[in-house]
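Laboratory data are not the source of any read-out in this text; all were calculated from the coordinates shown. Since we're looking at a predicted model, the values are computed, not measured. Cβ placement follows ideal geometry from the backbone for every residue including glycine, while neighbour counts extend to all protein chains displayed.
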Amino acid sequence: MTITTRQFNHLKAMGITLWQRKNLEQPSSEDHKTPVNNITGDFSANEINNLQIFQDILQALSIESADISWQQSHLDLGLFNWQFTDNTNISYDKKVLITPSLDKIAQSSAIKKQLWQTIIQHNLNT
C-alpha cells in the first residue's frame with residue numbers, strides 16, 4: 001500500500017512508524033502459467049499483469065498485483081473474486097464480480113462505465 005507524502009507526515013507527527021517489506025518473494029514460474037478462464041483465450045497471469053486496463057482496474061480497486069491469488073476459474077482479490085464471462089453484462093453478487101474479458105472491457109467505453117458504476121455501487125474501491 002502506498003501513501004502520500006502528506007499522509008506520511010501526519011503519521012510521523014503522531015509518532016507512528018511505517019514498516020515496509022523488503023524481500024518480496026517472486027511468484028514461481030508455475031504460478032504465472034496458471035491460466036485464467038477468459039473468453040478471448042487463456043492468458044497467463046504474467047500476460048494479464050502486463051495489460052494496461054488490468055493495472056488501471058487494480059489501481060481503482062486499491063489492490064496490488066502481488067495480493068492477487070490466481071485461481072483456475074477466477075482471480076481471488078481478497079475481499080471478492082473476479083470471474084470473466086462471454087456476455088457484456090457486469091454484475092456483483094455474493095462477493096463475486098463478473099465481467100466480460102479484459103479485451104472487451106478495454107475496447108468498450110460503455111463496458112468501462114458499467115464496470116466503474118458497479119465498483120462504486122458496491123464500494124469495491126475502499
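Overview of results
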| read-out | value |
| --- | --- |
| Loop trypsin sites (Lys or Arg not before Pro), the stretch 87-123, which have at most 10 other Cβ atoms in a 10 Å radius of their Cβ (DSSP) | LYS94 |
| Amide proton proximity set for ASN81, modelled H, under 5 Å, gap of 5+ | VAL96, LEU97 |
| Contact order relative to length of the stretch 32-121, as percent, for alpha carbon pairs under 8 angstrom and 6 or more apart | 22 percent |
| Hull-based mean projected area of the stretch 32-121, where the convex hull spans the alpha carbons, in square nanometres | 5.2 nm² |
| Karplus-derived 3J(HN,Hα), 6.51/-1.76/1.60, for each residue of the stretch 85-99, Hz, glycine and proline x | 9, 8, 8, 9, 7, 10, 9, 9, 8, 6, 6, 10, 8, 10, 9 |
